[in-house]
Amino acid sequence: MAKMNFGLIGVGVMGQNLTLNIERNGFSVAVYDLAIDKVKGFLEGKAAGKKIAGTHDLKEFLDMLEQPRRIVLLVNAGKPVDDVLNSIAPHLAKGDVVIDGGNSHFLDTDRREVALAAKGILFVGSGVSGGEEGALKGPSIMPGGAKEAYDLISPVLTKIAAHVNGEPCCAYMGPRSAGHYVKMVHNGIEYAMMQLICETYDILKRGAGLSAPEIASLFTQWNSTDLNSYLFEITSKVLSKLDPETGKPLVDFILDTAEQKGTGKWASQNSFDLGIPIPTINGAVESRMLSSFKEFRKSASQNLKGPSADSVKGATVNVNDVRDALHAAVIVSYAQGMALLQAASKEYKYALRLDEIASIWRGGCIIRGKILEPIRQAFLKSPDLSNMMMDNYFSSKLNELQAAWRRTIVAAVQQGIPVLGMSASLAYFDALRQERLPANLLQAQRDYFGAHTYKRIDKEGIFHTKWDE
């Protein structure tokens, strides 16, 4: 039997779809999973008649592969990745390549690369975005690790990735954990965008009294403008879906508690380590946390009162304003994510190309949208741009949209509708455009109780004051 070109461990839905994608693009694939039924079902089902072989025997799986072996793992992040690596590493040869295609924490990827490199094994941490459909039809792929490893796998990855204008949505991100870091920030932006869309839905539903189908129609309209994005597209479809039992919008029957897998939280945590503010992403993470307090919220809704009827009377929601507010906040979400990438590139010596990142996010991935082309252009023009809001295109857009942005937030606040993401976006914009912030008072307070000292604007030096004297 001829050796297989590529190996895949983890025959779940994502693993099956990626295998079918690889095979469709001209490569033979061997699959492995401890679950016998998964392998058997796949081989007898979707993989039947294709250049796909499988087993639940590890040695047999490794013997199926041509050398140097190229193996992708699609297993849950954390301990399962370490367990698989520990099981296969003793049987691998120098120069073999292992690709972690899951959402692993970037520091885990650094640790694993060092451990495998000591054995001569090449390790790639690769972000893969696009969900089940992307895995099958073409995802956005963000590989990082040794360039030698990328060169061995790029013929496969660039073929199976989504393509935009003939260009693959896959590129070498940089050394070590660069790929998983980029995917972490991608997911942080995804959190922010989803939160902003949910807040927009809430404002339109409770503030303007629109039904789910009416809001779906708006998202369909907006998706034909500069706001075009995959998330807007699916939001319209979700809001249009009717419950077959009641004939009413299905979304109205879904429990309002959101789950998270950790990548958004990791982006928030790392932003504090790097000292880079990403308040919209943080607000999105915190909003998911707040949603989990369902029983408390039920009780609090009876005890904690919102705005009075009189104060709500003048709080008119304008649909066009809401659209513009969402547009502005989406720009800010990307700006925060790209600023975090820019800082991480320097701190971790990734040498990221932000224009290239924007380019590979244009297709296949969850945050793909029309905005990514001007982002790409901004960083092509100014690779060291610290914040894309300083690019003329985006600064002009934000200046144009800000009045509607402010009116929308005011109307939401007057009606007692929480807008953690949207208001955090505006506060970020307002803070960065201030030549002077009230941190002068904060520094005086710190000096008062902790003798932390301060600097002056009118003379050089470090100062401390005895404030009680």
query: Given R₀ = 30 Å, FRET efficiency for A89-K261 by Cβ-Cβ distance, to 0.05?
result: 0.70
task: Using 0.36 nm per residue of separation minus the Cα-Cα distance, give me the extension gain between E148 and L442 in nm, one decimal.
output: 100.8 nm
- line: Site D310, offset 7 angstrom along Cα→Cβ, radius 19 Å on amide nitrogen, limited to the stretch 406-420, gives 414-416
field: Most to least packed among 2-12, 292-302, 172-182 [average Cβ atoms within 10 Å]
entry: 172-182, 2-12, 292-302
- line: Here the chain gives, from Cα atoms, an Rg and Dmax in Å of 25.0, 89
query: What length, rounded to one decimal in nm, is gained on full extension from D202 through to A48, with 0.36 nm per residue of separation minus their alpha-carbon distance?
result: 50.8 nm
message: Give the separation of the Cα centroids, the stretch 154-177 to the stretch 243-288, in Å.
response: 28
field: Order by protection proxy (mean Cβ within 10 Å, highest first), peptides 358-369, 452-463, 60-71, 384-395
entry: 358-369, 60-71, 384-395, 452-463
- request: Please work out the FRET efficiency for the pair T225 and S395, using the Cβ-Cβ distance as r and a Förster radius of 25 Å; give the result to the nearest 0.05.
  value: 0.80
task: Multiply the residue separation of K3 and S301 by 0.36 nm, subtract the distance between their alpha-carbon atoms, and state the gained length in nm to one decimal.
output: 100.9 nm
field: For peptides 110-119, 142-151, sequence by mean Cβ density within 10 Å, most packed first
entry: 142-151, 110-119
- request: Classify the stretch 287-377 as rounded, prolate or oblate from the Cα gyration tensor: take a ≥ b ≥ c as the square roots of its eigenvalues, call it rounded if a/c is under 1.5, otherwise prolate when a/b beats b/c and oblate if not.
  value: prolate
query: Which net charge results when you count Lys and Arg as +1 and Asp and Glu as -1 among the other residues whose beta-carbon is under 15 Å from that of F394?
result: -1
message: Could you give each residue of the stretch 200-214 its phi-based ³J(HN,Hα) in whole Hz, using Karplus coefficients 6.51, -1.76, 1.60 with θ = phi - 60°, and x for Gly or Pro?
response: 4, 4, 5, 4, 5, 6, 8, x, 10, x, 8, 7, 4, x, 5
Sequence-distant residues sharing a close amide H with H163 (under 5 Å, placed H): C169
GluC sites (Glu not before Pro) restricted to the stretch 195-251 and DSSP loop, no more than 12 other C-beta within 10 Å: E245
message: Suppose every Lys and Arg Cβ carries +1 and every Asp and Glu Cβ carries -1, with no other charges. What dipole size does the chain come out with about its Cα centre, to the nearest 20 debye?
response: 180
message: I'd like the FRET efficiency for A351 and V410, computed as 1/(1 + (r/R0)^6) with the beta carbon distance as r and R0 of 56 Å, rounded to 0.05.
response: 0.80
- prompt: Helix-derived [θ] at 222 nm for the chain: sum -39500 (n - 2.57) over DSSP H runs of at least 4, divide by residue count, nearest 500?
  reply: -16500 deg cm²/dmol
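FYI, it's all coordinate maths here, none of it is from the lab. If you're wondering where the values come from, they're calculated on a predicted model, not measured in any experiment. Because the Cβ atoms are built from the backbone with ideal geometry, glycine has one as well, and the counts that use them run over all protein chains shown.
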